[in-house]
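A short write-up of the structure that comes next.
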Amino acid sequence: MKSFARIKTLAIIVFYFFCLVQFSTEAQTITVTANKPVTDVKPTMWGVFFEDINFAADGGLYTELIKNRSFEFTISTMGWKTVKQDGEGRFYTTFYSPANPNNPHFLEVVVDAPTGSFGILNEGFRGMGIKADESYNFSVSAKASANSSLKIKLELISSTGTVIGSADVTGLTQNWKKLTASFRATQTDAKAQFRIMFSGKGTIDMDMISLLPMTTWKNRPGGLRSDLVQLIADLKPGFIRFPGGCIVEGRDLLNRYQWKTTIGPVEERRVIMNRWNLEIQARPAPDYFQSFGLGFFEYFQLAEDIGAEPLPVLNCGMSCQFNSGEVVPMTDLNQYIQDALDLIEFANGGISTQWGKLRSSLGHPQPFKLTYIAIGNEQWDLQYFERYKEFEKAIKTKYPKIKIISGAGPSSSGTMFDLAWKELKKLSPDLIDEHYYMPPEWFLKNAARYDNYDRNSIKVFAGEYAAHWQESADPSSRNTWYSAIAEAAFMTGLERNADIVQMASYAPLLAHVDAWQWRPDLIWFDNLTSFGSPNYYVQKLFSIYKGTQIIPATIGIKPVTGQDSLYVSATIDKNASKVYIKMVNVAGKQKYVNINVDGLNLNPDGVMVTLKSKSLSDYNTISEPQRIFPSGRQIALTGKKLSHPLDPYSLNIAVLSYKK
Ligand code: AHR
């Protein structure tokens, strides 16, 4: 009897415990103390990181349609082939008496087509994206042999072989001369090709063969792809970090990114192999080079266009330590430091300074208002710190207001990471750049990563991060909803610690669907269209609903860092009189939250913006670009209270307004 009573008591306790657990998992009470701001959110909080990886520049943002236009690829005719239409001929590259010494190779075509024609065809970057009714500008540097009777015809060819645009080119002489022609396309095609046909007899030399759409971002000649810039601009990024990444480091120092060779006339910008050409063995890209049509002037201009702080990254005298690990001797470091000082003058100097004058001559007399500069990308160990120290000394002496970013290496923790923090604390960088490409579970577990960072130490720039379900080159590694929601959960932790983490950017930014080396990536595109990944919408929502100050959002007195699968952060926007409460439910079931917003006179109506998907393995594609896409619905508050269900696997942002 006694034991029956004991069992009964136990059963009752278990029942009540079960009820308690059930209750607690079904409705959490979140307290938002809106009148107690903890810290400011810097305008730079959410930014973007652009690297020329995945054909992000040539074949992507930069609108040049001709691949290998100046014949500087390692295989100098790569991307080109001959076409015979009842005519004969041959081609080869040479560099005797070039049009431009920085890019000395050019193409010589010997034509024997008294009837019919012979020509050359360019395949573009996995084809060329051509739009019906769009105008295209062709140009070439050319000269002909003395006895030439050549006539030149341009033809755009659709993927089914029909001519969808054509023009004649005239004005060929025996001296290097730029020839131009424009024409309109009659058909849209994502995989068109372009050919230059010759009739008659003679030899023609050609260099810088270019085909550009007339319509570009802000319609700048030789400009950027509007749809891609628009997607970036829509993120309202606080900064744009450029141009990399590992390409800044180079596989060796000769092939490091040197900003001075990327400005001025495009034909004079020295073409080099892109570091991602050889890097990922599972995704080789032998045709990946850097023409620098998108160079440092254009990066600054882009930053200005989209209202983002420019954040250039410069080589610190070390090449990629995963590759050659070549290091410049300390005695030769000065030229690297001088490059940094000159860049600051190029961006900010008056027009009477050497580099400011050059900027002005390129069409931008006003300074670009550079505030941040990063020295080194993912360097580690003592060789980095001793080099970084010299940069810091020179920059802080000449430009004390410039904020310098140093790096903690490629890992999120470990011996080299700890060493970086220890050594850099002895110096004075304004921010330390931390990178983490980790599984989604890591992001979920690390939402409180910065809660215990020293609040009086150097600030953090989370310069590259992305949740990787699988290794980047693994075909199953994608921008899944799982990766995106894990990042959202983690970002509530970045936001809550905005006093420490003052800048953050997802990486990489852009990827061509047919030519990527690394994924996941934020924005995907083919030759005609583009779309945002679920991760893109996470970034966008955090950025749009950034606010101006962090306010506490707690369960009890604790920040919400995964309790009951919930992650929460909140901000107030003093300019817009709004409160933004970001809530991430990473559980596969719906959860109710009761939110109390203390300390403000709230308006009863609000909006709940939600990003969600039923399956964690869902992702967006070219054919289904908005499978995972934000939606909004009206919500009503009762006084200062809001009760609301959070859908399974969802990011939710309550957008509330208050009376001043
Ligand atoms: O974003 C891709 C690469 O990841 C970057 O180039 C590098 O900084 C990191 O290792």
Options Pro237, Pro243, Pro221: the member that is open to solvent by 50 Å² or more (accessible area, probe 1.4 Å), closer than 23 Å to Ala303 by Cβ and in contact (Cβ under 8 Å) with a residue 40 or more places away in the chain: Pro221
Filter pass, Ser159 being open to solvent by 40 Å² or more (accessible area, probe 1.4 Å), outside any strand (DSSP E or B), outside the structural domain of Gly59 (by TED's automatic domain parsing) and polar (S, T, N, Q): yes
The lone exception for Ser70 - which of (1) farther than 25 Å from Lys201 by Cα; (2) away from the ligand (no atom under 16 Å from the Cβ); (3) crowded, with 18+ Cβ neighbours inside 10 Å it fails: (1)
Long-range neighbours under 9 Å by Cβ, at least six apart or interchain, first residue under 27 Å from Asp234 (Cβ atoms) and assigned to a strand (DSSP E or B) within region 31-55, second within 16 Å of the ligand (Cβ to nearest atom) and among the polar types (S, T, N, Q): Trp46/Ser505; Trp46/Gln539; Gly47/Ser505; Val48/Ser505; Val48/Gln539; Phe49/Ser505
Residues satisfying the stated conditions in region 228-251, i.e. under 27 Å from Phe73 (Cα atoms), in a loop (DSSP other than H, G, I, E, B) and of a type in the set (D, E, K, R): Arg251
Residue ID - nearest to Leu522 (Cα to Cα), chosen from residues in region 265-277 that are away from the ligand (no atom under 14 Å from the Cβ) and out of contact with any Gly (no Cβ under 9 Å at 6 or more places or on another chain): Met273
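Which is under 20 Å from the mean Cα position of the chain (by Cα) and open to solvent by less than 20 Å² (accessible area, probe 1.4 Å), of Ala498, Ala489, Ala515?
Numbers: Ala498 fails: under 20 Å from the mean Cα position of the chain (by Cα); Ala489 fails: under 20 Å from the mean Cα position of the chain (by Cα).
Unique residue meeting the criteria: Ala515.
Would you confirm whether or not region 222-237 contains a residue that is within 28 Å of Ser97 (Cβ to Cβ) and in contact with a helix residue (DSSP H, G or I) (Cβ under 9 Å, 6 or more places away or on another chain)? Show your work before the answer.
Of all residues in region 222-237, those within 28 Å of Ser97 (Cβ to Cβ) come to 222.
Retained after the next criterion (residues that are in contact with a helix residue (DSSP H, G or I) (Cβ under 9 Å, 6 or more places away or on another chain)): 222.
So far as region 222-237 goes, yes, one or more of its residues are within 28 Å of Ser97 (Cβ to Cβ) and in contact with a helix residue (DSSP H, G or I) (Cβ under 9 Å, 6 or more places away or on another chain).
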Where a residue in region 637-653 is closer than 18 Å to Ala34 by Cβ and open to solvent by 10 Å² or more (accessible area, probe 1.4 Å) and its partner, wherever it lies, is modelled with pLDDT of 95 or more and charged (D, E, K, R), with Cβ under 7 Å and at least six apart: Lys640/Asp598
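Would you mention how many residues in region 232-251 are charged (D, E, K, R) and either outside the structural domain of Gly317 (by TED's automatic domain parsing) or within 16 Å of the ligand (Cβ to nearest atom) (or both)?
Filtering region 232-251 for residues charged (D, E, K, R) gives 234, 236, 241, 249, 251.
Those still in the list that are either outside the structural domain of Gly317 (by TED's automatic domain parsing) or within 16 Å of the ligand (Cβ to nearest atom) (or both) too: 241, 249, 251.
Selection size over region 232-251: 3.
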Qualifying residue in region 598-607 (condition: under 27 Å from Asp451 (Cα atoms) and touching a Pro at 6+ places or on another chain (Cβ under 9 Å)): no
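Look through Ala99, Ala192, Ala142 and report the one residue that is out of contact with any helix residue (DSSP H, G or I) (no Cβ under 7 Å at 6 or more places or on another chain), at pLDDT below 95 and within 27 Å of Arg220 (Cβ to Cβ). Steps first, please.
Values: Ala192 fails: at pLDDT below 95; Ala142 fails: at pLDDT below 95.
None of the others qualify; the one that does is Ala99.
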Residue within region 99-114 that is in a loop (DSSP other than H, G, I, E, B), of a type in the set (Gly, Ala, Ser), farther than 30 Å from Gln301 by Cβ and not assigned by TED's automatic domain parsing to the domain that holds Ala285 present: no
Residues satisfying the stated conditions in region 284-330, i.e. part of a loop (DSSP other than H, G, I, E, B), of a type in the set (Phe, Trp, Tyr) and either open to solvent by less than 40 Å² (accessible area, probe 1.4 Å) or closer than 28 Å to Met208 by Cα (or both): Tyr288, Phe292
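I'm trying to understand the selection: among the residues of region 207-221, which are closer than 19 Å to Phe194 by Cα, not in a strand (DSSP E or B) and not hydrophobic (A, V, I, L, M, F, W, C)?
Our first condition is that a residue be closer than 19 Å to Phe194 by Cα; within region 207-221, this holds for 207-215.
Cutting the leftovers down to not in a strand (DSSP E or B) gives us 214-215.
The one that is closer than 19 Å to Phe194 by Cα, not in a strand (DSSP E or B) and not hydrophobic (A, V, I, L, M, F, W, C): Thr215.
Among the residues that make up region 481-490, is at least one of them within 16 Å of the ligand (Cβ to nearest atom) and closer than 22 Å to Lys582 by Cβ? It would help to see each step written out before you state the result.
The first filter runs over region 481-490 and keeps only residues within 16 Å of the ligand (Cβ to nearest atom), leaving 483, 487.
From what is left, the residues that are closer than 22 Å to Lys582 by Cβ are 483, 487.
Yes - at least one qualifying residue is present in region 481-490.
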Residue within region 265-282 that is modelled with pLDDT of 95 or more, surrounded by fewer than 17 Cβ atoms within 10 Å (Cβ to Cβ), in a helix (DSSP H, G or I) and out of contact with any His (no Cβ under 9 Å at 6 or more places or on another chain) present: yes
Single condition Trp518 does not satisfy, out of (1) hydrophobic (A, V, I, L, M, F, W, C); (2) within 11 Å of the ligand (Cβ to nearest atom); (3) touching a strand residue (DSSP E or B) at 6+ places or on another chain (Cβ under 7 Å): (3)
Subset tally (residues that are open to solvent by 10 Å² or more (accessible area, probe 1.4 Å) and part of a strand (DSSP E or B)) for region 115-126: 4
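Do we have Ala507 as touching an Asp or Glu at 6+ places or on another chain (Cβ under 9 Å) and crowded, with 24+ Cβ neighbours inside 10 Å here?
Values: touching an Asp or Glu at 6+ places or on another chain (Cβ under 9 Å): yes; crowded, with 24+ Cβ neighbours inside 10 Å: yes.
Yes, satisfied.
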Of all residues in region 337-390 being open to solvent by 20 Å² or more (accessible area, probe 1.4 Å) and of a type in the set (Val, Ile, Thr), the one that is nearest to Ser324 (Cα to Cα): Thr371
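Of the residues that make up region 524-531, is at least one within 16 Å of the ligand (Cβ to nearest atom), of a type in the set (Phe, Trp, Tyr) and out of contact with any Pro (no Cβ under 9 Å at 6 or more places or on another chain)?
The first filter runs over region 524-531 and keeps only residues within 16 Å of the ligand (Cβ to nearest atom), leaving 524.
Next, only the ones that are of a type in the set (Phe, Trp, Tyr) stay: 524.
Subsequent filtering for residues that are out of contact with any Pro (no Cβ under 9 Å at 6 or more places or on another chain) retains none.
Checking region 524-531: not a single residue is within 16 Å of the ligand (Cβ to nearest atom), of a type in the set (Phe, Trp, Tyr) and out of contact with any Pro (no Cβ under 9 Å at 6 or more places or on another chain).
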Matching entry among Lys582, Lys558, Lys578, Lys546 (being among the charged types (D, E, K, R) and over 14 Å from Val655 (Cβ atoms)): Lys558
Region 37-64, subset of a type outside the set (A, V, I, L, M) and within 16 Å of the ligand (Cβ to nearest atom), residue surrounded by the most Cβ atoms within 10 Å (Cβ to Cβ): Asp52
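Suppose we keep only residues that are in a helix (DSSP H, G or I) and among the aliphatic types (A, V, I, L, M) within region 252-264. Which one would you say is nearest to the ligand (Cβ to nearest atom)? Please lay out each step first, then the result.
Filtering region 252-264 for residues in a helix (DSSP H, G or I) gives 253-255, 259-262.
Checking the rest, the ones that are also among the aliphatic types (A, V, I, L, M) come to 253-254.
On the way: Leu253: 17, Leu254: 18 Å.
Per the stated criteria, the residue is Leu253.
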Test: residue in region 371-381 that is in the same structural domain as Ala507 (by TED's automatic domain parsing) and more than 24 Å from the chain's Cα centre (by Cα): yes
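The values are calculated or read from the model by the stated rules, or taken from the named source; none is laboratory data. In this text, all values refer to a predicted model and were calculated from it rather than measured experimentally. Counting neighbours? That spans all protein chains shown, and the Cβs are built from the backbone with ideal geometry, glycine included. Ligands, DNA and RNA are stripped out before the accessible areas are found, and what is left, the full protein with its side chains, is counted by its heavy atoms. Shrake-Rupley method; radii C 1.70, N 1.55, O 1.52, S 1.80 Å.
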